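Step one of this worksheet: look at the structure below.
The values are calculated or read from the model by the stated rules, or taken from the named source; none is laboratory data. Predicted, not measured: the structure shown is a model, and the values here were computed from it. Please note: Cβ atoms are built from the backbone with ideal geometry, for glycine as well, and neighbour counts cover all protein chains shown. Only protein heavy atoms, including side chains, enter the accessible area calculation; ligands, DNA and RNA are left aside. Shrake-Rupley method; radii C 1.70, N 1.55, O 1.52, S 1.80 Å.
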Amino acid sequence: MSYIAERRVEEKERRRAEIIDAAEKLYAKKGWDAVTMDQVAKSARLSRALLYVYFRDRDELQFAIGERALKVLREKFTEAVAQHARGIDQIEAIGRAYMNYAREFPHYFDICSRFQSHAVSATAGPTESACAVAGDASMMVVVGAIRTGIADGSMRNDIGDPMLFAVALWAFTHGVIQVAMAKGNELERLGVTVPHFGEYALSLLREIGTPRR
């Protein structure tokens with residue numbers, strides 16, 4: 001590739017990243033349902049026509065933000081795992097990292113929720129497929145921790161397929177976070193603080209995975 005061609009590729013990648021940055025800032029401020037392509041174009045300081053050169057529609061732009069969000073999630077999971085040797089401790093750390101992630105990046109958690117409820121089609125475009133790959137990478141960190149736990153004896157060896165168990169743990173933790181974020185006042189009214197609710201959920205995760213005595 002010539003120098004000029006390389007510069008063009010770099011410029012295209014830079015402009016694409018700037019568009020995603022602009023859309024993400026609007027997402028974090030307004031919520032995705034209130035974000036329009038016109039707003040993104042204005043925020044990114046480019047024409048609406050040029051915006052559509054990079055992203056064919058609003059959904060594709062959302063997938064691009066989703067890929068970024070899921071890559072950050074994988075980094076958080078990987079960092080959590082690296083701090084513990086035993087699999088059961090890694091699983092608890094992942095759960096805690098997911099809860100912290102939702103608090104630190106609520107718009108990322110929102111887009112993860114939207115993507116997880118979305119069925120990836122067989123004809124998915126490259127941006128949607130990249131988002132799915134990023135999500136799979138996050139899940140594989142959880143699967144790795146489960147396999148470690150089974151191998152080192154800190155987790156039950158009768159839990160079955162590690163991927164199936166990982167999906168079940170994700171569904172449980174994701175639901176707990178959604179309730180904590182949406183129903184915090186309701187929980188308080190019932191005498192349950194959000195921090196205590198989260199810690200109790202993490203203790204259940206540990207209990208589920210710990211070998212029976």
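As a test of the formula, what do you get for the chain when each DSSP H run with n ≥ 4 contributes -39,500 (n - 2.57) and the sum is divided by the residue count, at 222 nm and rounded to the nearest 500 deg cm²/dmol?
Helix contribution divided over all residues of the chain: -26000 deg cm²/dmol.
With a point put 7 Å past each Cα toward its Cβ, work out how far Arg16 is from Val53 in nm, to one decimal.
1.4
Could you give the nm distance between label points at His174 and Leu190, where each point is 7 Å from its Cα heading toward the beta carbon?
2.1
Quick check on packing: order 47-60, 90-103 by the mean number of other C-beta atoms within 10 Å, highest mean leading.
For the peptides 47-60, 90-103, the packing ranking is 90-103, 47-60.
If you wrap a convex hull around the alpha carbons of the chain, what volume per residue comes out, as a whole number of Å³?
Normalising the Cα hull of the chain by residue number yields 154 Å³.
Alpha carbons only, please: Rg and Dmax for the stretch 87-205, in angstrom.
My reading of the Cα-based Rg and Dmax gives 15.7, 48 Å.
Which of the pairs Lys12/Lys76; Lys71/Lys183; Lys42/Lys71; Lys29/Lys183; Lys42/Lys76 have their Cα atoms more than 24 Å apart in this structure?
Among Lys12/Lys76; Lys71/Lys183; Lys42/Lys71; Lys29/Lys183; Lys42/Lys76, the Cα-Cα distance tops 24 Å for Lys12/Lys76; Lys71/Lys183; Lys42/Lys71; Lys42/Lys76.
So with the 1.4 Å probe, I'd like the accessible area per residue for the chain, rounded to whole Å².
Per-residue value: 57 Å².
When the accessible area of the stretch 1-136 is split by element with a 1.4 Å probe, what percent falls to carbon and sulfur?
Roughly 51 percent of what the probe reaches on the stretch 1-136 is carbon or sulfur.
Consider a paramagnetic label point 7 Å from the Cα of Asp136 along Cα→Cβ; state which residues of the stretch 53-81 have an amide N under 19 Å from it.
63-75, 78
Please work out the Cα center distance from the stretch 24-71 to the stretch 159-213, rounded to the nearest Å.
The stretch 24-71 and the stretch 159-213 have Cα centres separated by 32 Å.
Could you state, as a whole-number percent, how many of the C-alpha pairs of the stretch 12-58 are farther apart than 11 Å?
Tail of P(r) above 11 Å: 62 percent of Cα pairs.
Can you compute the charge dipole magnitude of the stretch 1-116 about its Cα centre, using +1 on each Lys and Arg Cβ and -1 on each Asp and Glu Cβ, nothing else charged? Give it in debye, rounded to the nearest 20.
300
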